[in-house]
Amino acid sequence: MRTIHRRLLALGLCFAAACGGSEGPNDEFTVEVTPTAAELFSLAPGNTIELEVVAKDGDGEPLAGGTTTYATGNSAIATVSNAGVVTAVAAGTTQITATVTHDGGSASAITSVTVRDAAAAATVRAPGFVFTPGTVDVSEGGTVTWTIESVHHTVQFETAGSPSDIGELLNASESRTFPASGTYRYRCSIHAQMTGIVRVH
Ligand SMILES: [Cu+2]
């Protein structure tokens, strides 16, 4: 009778201490989420981002196991899936919180998400042998103006559905309208290394 009681007592203690596990509920760990800040457009392209979450133990080593959950501070600005994919909804700023629960403990990290609407117009300059900025963003139906300075350049589109190419310009500007969303690539037909991208949202 006495022996059985002892065994039961030992078994009870074993459960309480989570026998065999080296991690207790009070073991410290930290969570890192990347990126820590993201800028998204309200409409594709560029309206989603996938967060990466790493939990590390007190020695800075990655922690195996654990469960990650995500929460948005404002679902009218951005939502987040169970897999950590953030999708923009409307212009504004909010925070996405990633929480890792591990062996009874939990820790969180935050990503700041800013969502904006693309503008209706953008300008690309070519002061030398580079298009700047290299990527511009406009809303659907928006207009991009290329301002070419003291070197002859062209704008030759490489993506299906692009507007018509722009021939040689010198100290002049010319615009094109983009009716459909998408990512449009172009280059100068004279200087092959000069490339650019128009993203239409
Ligand atoms: Cu050129």
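Remarks
- Which of 159, 30, 111 has the fewest Cβ neighbours within 10 Å, and the rest in rising order: 159, 30, 111
- The chain: antiparallel DSSP beta bridges as a percent of all, rounded to 5: 75
- Dimensionless Rg ratio for the chain, taking C-alpha atoms and the 2.2 N^0.38 Å reference: 1.64
- Lys/Arg +1, Asp/Glu -1 at C-beta; the chain dipole; positive extreme among 131, 121, 107: 107
- Neighbours of residue 60 by Cβ distance under 12 Å: Lys/Arg scored +1, Asp/Glu scored -1, total -4.
- Considering only region 23-116, percent of DSSP beta bridges that pair antiparallel, nearest 5: 85
- Region 119-200 - share of DSSP beta bridges that are antiparallel (%, nearest 5): 60
- Compared with the dominant principal axis of the Cα atoms in the chain, helix 2-16 is inclined by about 20°.
- Neighbours of residue 84 by Cβ distance under 14 Å: Lys/Arg scored +1, Asp/Glu scored -1, total -3.
- The chymotrypsin sites (Phe, Trp or Tyr not before Pro) of region 128-201 that DSSP puts in a loop, and whose beta carbon has at most 13 other beta carbons within 10 Å, are 129.
- Only Cα pairs under 8 Å and 6+ residues apart enter the sum, and on that basis the relative contact order of the chain stands at 17 percent.
Throughout, read-outs are computed from the coordinates displayed, never taken from laboratory work. Keep in mind the model is a prediction, meaning the values are calculated, not measured. Because the Cβ atoms are built from the backbone with ideal geometry, glycine has one as well, and the counts that use them run over all protein chains shown.
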